[in-house]
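Only one structure is covered here, and it is reproduced in the block below.
Nothing in this text is a laboratory measurement; each read-out follows from the coordinates by a stated rule. Note that the structure is predicted; figures quoted are calculated from it, not measured. No Cβ is skipped: glycine too gets one built from the backbone with ideal geometry, and neighbour counts run over all protein chains shown.
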């Protein structure tokens, strides 16, 4: 009997293709929609015990910095053992580790001229790429972050060559390339490096880390700058899931670290300014960073902390705050996440969860924030009651008495009827009150941040 090899060969090929495609699809599905939590880790600044690095709450660690030289060689790491320890710890926790090549300066000298010279030479550029690939393989890394600060219209051609060639070399060993890129002050306009960046560069990156900070001292990293920076890169054609919002953990102009500010005063964890001695400190506290994370959840693909070494490892930890927020919202649909409301009362988040069965804030048909009655009012020390017969909520604090009838556009403040623009209601057996009307009656100021759906409640 003669065996026809052709059908068998075709069968094997199809089988391999199907299995490979299935495996790829499974891998893609596993990674699809993963919200990145990236911690930059500056080896030279790392003075905390390694166990304080919360790699179990990070998706990526980016170790900084690997310094290039004009001839394409690399300066040896000062602490290679630290990188090895971090790789082992991160990989055990399921986090990837990248090496950041470059940075702003080395030993007080800007690295921009180094990048310009090495990228302009075919020979030096080739050697640099070879050395980076060797380094990645030696330390069992997962990828490279290119941090050239910054290319311009005169050097963008050579920047593109370096980017594309490095990306291709890394792909050959199944490694990724990312880049640290500028933020932007409008949806369409930003600094020169952002404006001149080419499509070929953007196509070479697995994702980009957007440095939405260092605008100036007093407005070091405001929330609006994060919004415009994300929108800018979206308008440049970068997919939302490939945009990672960079968030600082240091202050300007003092350059103090977040953890050191908290050591001075735990209340500094919740604000964005501290009157530190000699130089003032403008920074991002926990509440602003929470809002930025929510913004990134809705419009981008992750957040990056620069530098994760500057975090605390206690109740004020930013990494832990982000992890808690992600755990609370991971079950939400896109629409539910977009409408997820955060309530911050006197600088502390007032957490509402389905687990406590007390109700979840929502926006009603009148575009007003409705909040479950008991938790917020008791949080400010008010006595709360409910008269089921007359269907009224009562609240008393500091000689202020409020009566809130259900399903009526009125409340009574110390017996005086006050008309309000929405009604208290009962929903899912929980009583909800119009937040603004009630809290302003108790002397609180209300701010609404629409892009992050955050309510800020503060005592006047």
What's the ranking of 60-67, 252-259 by average number of surrounding C-beta atoms within 10 Å, highest first?
60-67, 252-259
Given the C-alpha atoms of region 158-249, compute the convex hull and give its volume per residue in Å³.
100 Å³
May I ask you to compute the full-extension gain from residue 265 to residue 168, defined as 0.36 nm times their residue separation minus their alpha-carbon distance, rounded to one decimal in nm?
30.1 nm
Counting only DSSP beta bridges with both partners in the chain, the antiparallel fraction in percent, to the nearest 5, comes to 50 percent
Protection proxy ranking of 393-404, 322-333, 430-441 - average other beta-carbon atoms within 10 Å, highest first:
430-441, 393-404, 322-333
So, by mean Cβ neighbours within 10 angstrom, what's the order for 338-346, 103-111 with the highest one leading?
338-346, 103-111
Rounded to the nearest 5, the percent of antiparallel DSSP beta bridges in region 239-374 equals 65 percent
Once both axes come from the Cα atoms, what is the angle between helix 223-235 and the longest principal axis of the chain, in degrees from 0 to 90, rounded to 10?
50 degrees
Determine the equivalent ellipsoid of region 348-459 by diagonalising the alpha-carbon gyration tensor, then write out the semi-axes as square roots of 5 times the eigenvalues, largest first, rounded to whole Å.
20, 16, 15
Could you work out the helix-only [θ] at 222 nm for the chain, with each DSSP H run of four or more residues adding -39,500 (n - 2.57) and the total divided by the number of residues, to the nearest 500 deg cm²/dmol?
-10500 deg cm²/dmol
What is region 243-319 by shape, rounded, prolate or oblate, if you read a ≥ b ≥ c off the alpha carbon gyration tensor as root eigenvalues and call it rounded for a/c under 1.5, prolate for a/b larger than b/c, and oblate otherwise?
prolate
Compute log10 of I(q)/I(0) for region 50-172 with the Debye formula, placing one identical point scatterer on every Cα and leaving out solvent, at q = 0.12, 0.14 Å⁻¹, to two decimals.
-0.45, -0.60
Based on the Cβ-Cβ distance of residue 315 and residue 217, what FRET efficiency does E = 1/(1 + (r/R0)^6) give at R0 = 35 Å, to the nearest 0.05?
0.75
Cα-based convex hull volume of the chain per residue, rounded to whole Å³
204 Å³
Give the angle, between 0 and 90 degrees and rounded to the nearest 10, that separates the Cα long axis of helix 156-171 from the longest principal axis of the Cα atoms of the chain.
80 degrees
Tell me the Kirkwood radius of region 101-204: reciprocal of the mean inverse pair distance over distinct alpha-carbon atoms, in Å.
14.2 Å
